[in-house]
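Just below is one structure, and these are the notes that go with it.
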């Protein structure tokens, strides 16, 4: 591999999922992993297997499918490395191995804090004890898996001399990648670059392994710090799509990749990422986690290539390079080139879905095509964004304990907002109820609550248009919580925004109910106890 090649280690499914309310079902994690593989990431950190049996199962599923599937465009069309996180304990490491061993290229990633504040207040360990534990556990991981990554948590606030000692010990024990995390986003770019340079210069054996960077955005410096580390000699960057993650998030995959690509003249570094897929994967992550992308978000935001100022517009008309340092099509932000309508057949829809990265077959294709026909009857044309929304609904839907059959609402400036809802229950029977609310959505949700006999707290309600125009397909994402349980999210799409709201709420409620019944459907990650994963 070229000395200027940067491995992209995506941790959206692990660190990204730790963002409050961003947990994903097993089906959603598998769908995201497929998209990341097509995007061209080198390493997929699929989860934290010891966190729960459900997370273990999700990692195993990703390892067995995505970790075994060749990807066009990669060297020798190899599948990505599939990685599982583990604390420095035998049980965690053994469980991580059980999660990733089905992949063609498995990796165990273990970590232990090295900053004095973590040693004193969290681990309650001495420096010699940390060195001994890290060495023993890396050696144990190496006995199971040839590819072992070690992270000294909170490296950005650790004593450099102690870091050199710990890292030298784990290299001798068999670590093949050393990840240097700025866990709390504390360092400045020059400091972090100097830290990486110091590790490479002063750690015996460091030049024989891959040095990685993992930066958080608490001060808005995650991408800048990551670039500083890469310029100092690191050759792997740990990132998340849209920058999701703990607190203020991680370094953004799309921002880092496009910085390397756009400023290749200055940086001289490259990745294997297919940048034309960045916008599509960004939308998938946003939809799956119910985390909207801010309009002013770099690279993938709705305004990233929008120009309203007269001066800017004049410049763009004369030469786009006056105000755009990259082309929108470089990141997949182009308008659709194929428009389907009510006369389009199943094969045309299936072919376009596959081209967009959503291959559907059998009953899944039949259901998506039926929804496409319904949508086409209501719209003059169906765009790529509409198709992606329909396919995402089909491939990441929540368990359907209750399904929406009919919905009728009455609202306006006079009278009381009223909704009548008809649901089909797990028993196959139809249940009808009407409710009054502060608005049509509130009335709809109250009617659903009455029928399913449960009550959840609505934490988040987000409405967006999938496409432009008065006939746009509307998308609603909701996040709910019952009592003190972890939150659940759901999404729904429809040209009628009230119907989309009902679908989204029902998807979230179904997820809550499936947990109560213990149904092994689309399991979600549980909260992580004790020593939290490295960030």
(message) I'm checking a number: the convex hull volume of the Cα atoms of the range 1-62, normalised per residue, in Å³. What is it?
(response) 95 Å³
(request) Find the relative contact order for the chain and round it to a whole percent, using C-alpha pairs within less than 8 Å whose residues are 6+ positions apart. (result) 13 percent
(message) Can you give me the C-alpha center-to-center distance between the range 47-125 and the range 218-284, rounded to a whole angstrom?
(response) 21 Å
(message) Need one number: % antiparallel among DSSP beta bridges in the chain, to the nearest 5.
(response) 50 percent
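Given 0.36 nm per residue, what is the gain on full extension from residue 367 to residue 414 after removing their alpha carbon distance, in nm?
13.0 nm
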(request) With all distinct Cα pairs included, what does the Kirkwood hydrodynamic radius of the range 7-289 come out to in Å, to one decimal, could you say? (result) 18.4 Å
(message) Just want to confirm a number: the relative contact order over the range 403-517, from Cα pairs under 8 angstrom separated by 6+ residues, in percent.
(response) 17 percent
(message) Give me the tail of P(r) for the range 346-395 as a percent: Cα-Cα pairs with distance above 15 Å.
(response) 32 percent
(request) With runs of 4+ DSSP H residues as the only contributors, calculate the mean residue ellipticity of the chain at 222 nm using -39,500 (n - 2.57) per run, divided by the residue total and rounded to the nearest 500. (result) -12000 deg cm²/dmol
(request) Kindly rank 239-250, 293-304 from highest to lowest mean number of other beta carbons found within 10 Å of each residue. (result) 239-250, 293-304
(request) Pairs of Cα atoms under 8 Å, at least six residues apart: use those to get the relative contact order of the range 7-289, whole percent. (result) 19 percent
(request) In square nanometres and to one decimal, what's the mean projected area of the convex hull around the Cα atoms of the range 110-163? (result) 3.6 nm²
(request) Rank these for me by crowding, 279, 411, 83, going from fewest to most other beta carbons within 10 Å. (result) 411, 279, 83
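How large is the Kirkwood hydrodynamic radius of the range 159-299, counting all unique pairs of alpha carbons, in Å? Before the final figure, lay out each step's value.
Values: mean 1/r = 0.0634 Å⁻¹.
That comes to 15.8 Å for the range 159-299.
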(request) Alpha carbons only, please: Rg and Dmax for the range 53-122, in angstrom. (result) 15.1, 48
(request) Treat each spin label as a single point 7 Å out from the Cα along the C-beta direction, and report the residue 354 to residue 133 distance in nm. (result) 5.2 nm
(message) Full-extension gain between residue 231 and residue 486, please, as 0.36 nm times their residue separation minus the C-alpha to C-alpha distance.
(response) 87.8 nm
(request) State the Kirkwood hydrodynamic radius of the range 192-261 in Å, one decimal place, computed from all pairs of distinct Cα atoms. (result) 12.2 Å
(message) As a test of the definition: which semi-axes, in Å, follow for the range 403-517 when you take the square root of five times each eigenvalue of its alpha carbon gyration tensor? Largest first, please.
(response) 21, 18, 14
(message) Over the Cα atoms of the chain, each weighted equally, I'd like the Debye log10 I(q)/I(0) at q = 0.05, 0.06, 0.11, 0.13 Å⁻¹, rounded to two decimals.
(response) -0.21, -0.31, -0.99, -1.29
(request) Please report, in cubic angstrom per residue, the volume enclosed by the convex hull of the alpha-carbon atoms of the range 239-279. (result) 69 Å³
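Bear in mind these aren't lab numbers, they're just calculated from the coordinates by the rules spelled out. Values in this document were obtained by computation on a predicted structure and should not be read as measured data. In this analysis, Cβ positions are derived from the backbone assuming ideal geometry, glycine residues included, and neighbour counts consider all displayed protein chains.
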